[in-house]
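The values are calculated or read from the model by the stated rules, or taken from the named source; none is laboratory data. Predicted, not measured: the structure shown is a model, and the values here were computed from it. Cβ placement follows ideal geometry from the backbone for every residue including glycine, while neighbour counts extend to all protein chains displayed. These area figures cover heavy atoms from the full protein model, side chains too; ligands, DNA and RNA do not enter into them. Shrake-Rupley method; radii C 1.70, N 1.55, O 1.52, S 1.80 Å.
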Amino acid sequence: MKRFLTIAFALILSAAALSAQEQASYYPRQTEWLEMAYQMRPVLHETVVCPVGAVRAVQDPAAYQGWRYEPCEGWEGMENRSFREIKEITLDFGRHYTGYFTFRIKSLRDCMDGPIRLRLLFGEMPSEMNTPLDPWPEGCLSRGWMQEEILTIINTDQDITLPRRMSFRYLKIELLGTSQSYEWAIDHISFRAVSSAKDVKTALQPGAPQIIQDINRVSIETLRECMQTFFEDGPKRDHRLWIGDLYLQSLANAYSFQNWDLVRRCLYIFAALADPTDGRLHGNVFEDPMLHPQYQNYMMTYALLYNSTLLQYIRDTGDLETARDLWPVARRQVEDALFSVGDDYIYDMARKPSWCFIDWRDGLDATACVQGAVIFGLEETYAIAEALGCTAEVKEWPKIAAKMKRAAYRRYFDKGSGMFLSNGQASVQSQMWMVMAGVPSAKEGAAALRNALSSENALKPGTPYATHYLVEAMLRCGMNDEAHDYLVDYWGGMVRKGADTFWEAYDPGNDNISPYGFTPVNSACHAWSCTPVYFIHKYPEIFQK
Ligand code: RAM
């Protein structure tokens, strides 16, 4: 009896400890927010598609990353031709799709008397399909990201659907093994494409230039493919919701699909999964097998962009109820960032380590950029407080922002070069974040941007992510024609090199740029690259003329 009572007492105590722990959650409503996020999970729309033809790979130094495809025979009638004779085929589905692949082995003659072994390789880019993957480079991201499956098939004449979701345009099928005593074909090839995006709600002005039409279309396709149960960064690689990508997707969404429910869902997911001990947001989260963050992945610059996403969401929808719910989360991210601002009003990256992502560009000194990002985040969050009528809670912020701007100017502006230097380094990235923060006047900012863009030594953006802020900064300085030309050159450059969705990394001067040291693992349909649709529709007088 005594023993029973002890156990019962221990159980009650541990339950009490658990609920005390739950209550200690930084935001008391986190469990409820998670439940809301589950309830808001969208239904995916499905479309069944088939290949449009077979293609042959051509190694061509003039092609992007050295490879291109040209159409060839082989698709028509494939279902009645022995695959023992075909041996290998590459199919082109005509555009980028994300979803599930199905096919069948059809008996043509005699009875199957041994398993069939096939290699299927799905890929977004011609070079990804044709670059040897092994030996896999040391230190690179997981080899498992490559969409390659080896299948052993023991039954004919029934549908085989791959469990793994694929994101691709091209599919190569190779025969690795078969019995020689029967004939079979590959039949019933189909692909169930999925996306939560529906109709596009915006249209270009009649007569918009062809290149703008193309860039707009490719932006929309990029966003559509990334819109799954949440805004993924890349449907081929990462499959994650990252705050920095979400912010840019929310801008593009506002001028295309206008799916505000999906933005709202993402805002609640991040809030629900914030660190319960200190309220910090994680930089990215996963949907499966259940919603969870990439633990310990703290990204101060991204955490502040959560607030910008919320601000954009309020401006687009007027939904102050959601903003009121999430205001404590937004305020907390600023408080956390301000913890690292010293008495000199300069952000000190060493004070509380966190990943301050700005761009994938080797050697970039992010110090000045981060100072700018904090000022920008502070002001954006203050605008949320204004919308909610709660500025009294954060009345010090405008003064802090002003002091941080003055400190940034004093610390980073170099009269000699007419640029902001970050620990002595010139980069376009530093100029654009100083402009985003409102540190220089429009005139000075434009001069600094021009100086960095024309300087041979200044680092340039390595991703469409950073290029987004460059174009935004140019517009803020009144460099409208330059912003137009830059957008057309940069994103139009990808279109001219064959993009049907925009790439994760792009440098007009270096086709082999890869944040991971190996281009096949790059994502060729990447969320943060989809913002031209936002610029083109928000500023029609600049971009559609
Ligand atoms: C890469 C992805 C992702 C991005 C992070 C910081 O892993 O491209 O989209 O947000 O970097």
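If the condition is being under 14 Å from LEU364 (Cα atoms), touching a Lys or Arg at 6+ places or on another chain (Cβ under 9 Å) and of a type in the set (A, V, I, L, M, F, W, C), then the range 446-460 contributes ALA452, LEU459. Taking the condition at pLDDT 95 or above and touching a Lys or Arg at 6+ places or on another chain (Cβ under 8 Å), does SER441 pass? The answer is no for SER441. Screening TYR412, TYR469, TYR490 for residues that are within 16 Å of the ligand (Cβ to nearest atom) and crowded, with 18+ Cβ neighbours inside 10 Å leaves exactly one candidate, TYR469. Applying the set (1) open to solvent by 10 Å² or more (accessible area, probe 1.4 Å); (2) in a loop (DSSP other than H, G, I, E, B) to GLU321 leaves exactly one unmet item: (2). Checking LEU326, LEU338 one by one, the residue that is assigned by TED's automatic domain parsing to the domain that holds TYR516, crowded, with 18+ Cβ neighbours inside 10 Å and touching a residue at least 24 places away in the same chain (Cβ under 8 Å) is LEU326 and no other. Of everything in the range 231-265, what is more than 13 Å from the ligand (Cβ to nearest atom), hydrophobic (A, V, I, L, M, F, W, C) and not in a helix (DSSP H, G or I)? Give them in sequence order. If the condition is that a residue be more than 13 Å from the ligand (Cβ to nearest atom), hydrophobic (A, V, I, L, M, F, W, C) and not in a helix (DSSP H, G or I), then PHE257 is the only one that fits. Among the residues here, LEU421 does not qualify as in the same structural domain as THR301 (by TED's automatic domain parsing), open to solvent by less than 50 Å² (accessible area, probe 1.4 Å) and touching a Leu at 6+ places or on another chain (Cβ under 8 Å). Test GLY517 against the criterion of being open to solvent by 10 Å² or more (accessible area, probe 1.4 Å) and within 15 Å of the ligand (Cβ to nearest atom), and give yes or no. Answer is yes for this residue. Yes or no: the range 330-340 includes at least one residue that is within 17 Å of the chain's Cα centre (by Cα) and either in a helix (DSSP H, G or I) or within 14 Å of the ligand (Cβ to nearest atom) (or both). No, the range 330-340 has no match at all.
Within the range 144-159, restricting attention to residues that are more than 18 Å from MET129 (Cβ to Cβ) and surrounded by 15 or more Cβ atoms within 10 Å (Cβ to Cβ), the residue that is modelled with the lowest pLDDT is THR156.
State whether one or more residues within the range 355-375 are basic (Lys, Arg), closer than 29 Å to ARG324 by Cα and assigned by TED's automatic domain parsing to the domain that holds ASN307. No: the range 355-375 contains no residue that is basic (Lys, Arg), closer than 29 Å to ARG324 by Cα and assigned by TED's automatic domain parsing to the domain that holds ASN307.
What do you reckon, is VAL394 under 26 Å from THR467 (Cα atoms) and in contact (Cβ under 8 Å) with a residue 24 or more places away in the chain? For VAL394, the condition - under 26 Å from THR467 (Cα atoms) and in contact (Cβ under 8 Å) with a residue 24 or more places away in the chain - is not met. For the range 46-88, a residue qualifies if it is more than 30 Å from GLY493 (Cα to Cα), in contact with an Asp or Glu (Cβ under 9 Å, 6 or more places away or on another chain) and surrounded by 14 or more Cβ atoms within 10 Å (Cβ to Cβ), and the qualifying residues are TRP75, MET78, GLU79, SER82, PHE83, ARG84. Can you tell me which residues in the range 516-536 are within 22 Å of PRO61 (Cα to Cα) and not aliphatic (A, V, I, L, M)? Matches in the range 516-536: GLY517, PHE518, THR519, PRO520, ASN522, SER523. If you go through the range 505-514 and keep only what is within 16 Å of the ligand (Cβ to nearest atom) and either under 20 Å from PRO132 (Cβ atoms) or assigned to a helix (DSSP H, G or I) (or both), you end up with ILE513, SER514.
For beta carbons closer than 6 Å, sequence separation of 6+ or different chains, a first residue in the range 166-182 that is closer than 13 Å to LEU151 by Cα and a second that is assigned to a loop (DSSP other than H, G, I, E, B) and open to solvent by 20 Å² or more (accessible area, probe 1.4 Å), the qualifying pairs are LEU175/LYS87.
Can you find a residue that is under 16 Å from PRO209 (Cβ atoms), open to solvent by less than 40 Å² (accessible area, probe 1.4 Å) and assigned to a helix (DSSP H, G or I) anywhere in the range 496-504? No: the range 496-504 contains no residue that is under 16 Å from PRO209 (Cβ atoms), open to solvent by less than 40 Å² (accessible area, probe 1.4 Å) and assigned to a helix (DSSP H, G or I). Residue pairs whose Cβ atoms lie under 6 Å apart, separated by 6 or more positions or on different chains, with the first residue in the range 424-449 and farther than 21 Å from ILE400 by Cβ and in the same structural domain as GLU380 (by TED's automatic domain parsing) and the second acidic (Asp, Glu) and crowded, with 19+ Cβ neighbours inside 10 Å, are GLN429/ASP359.
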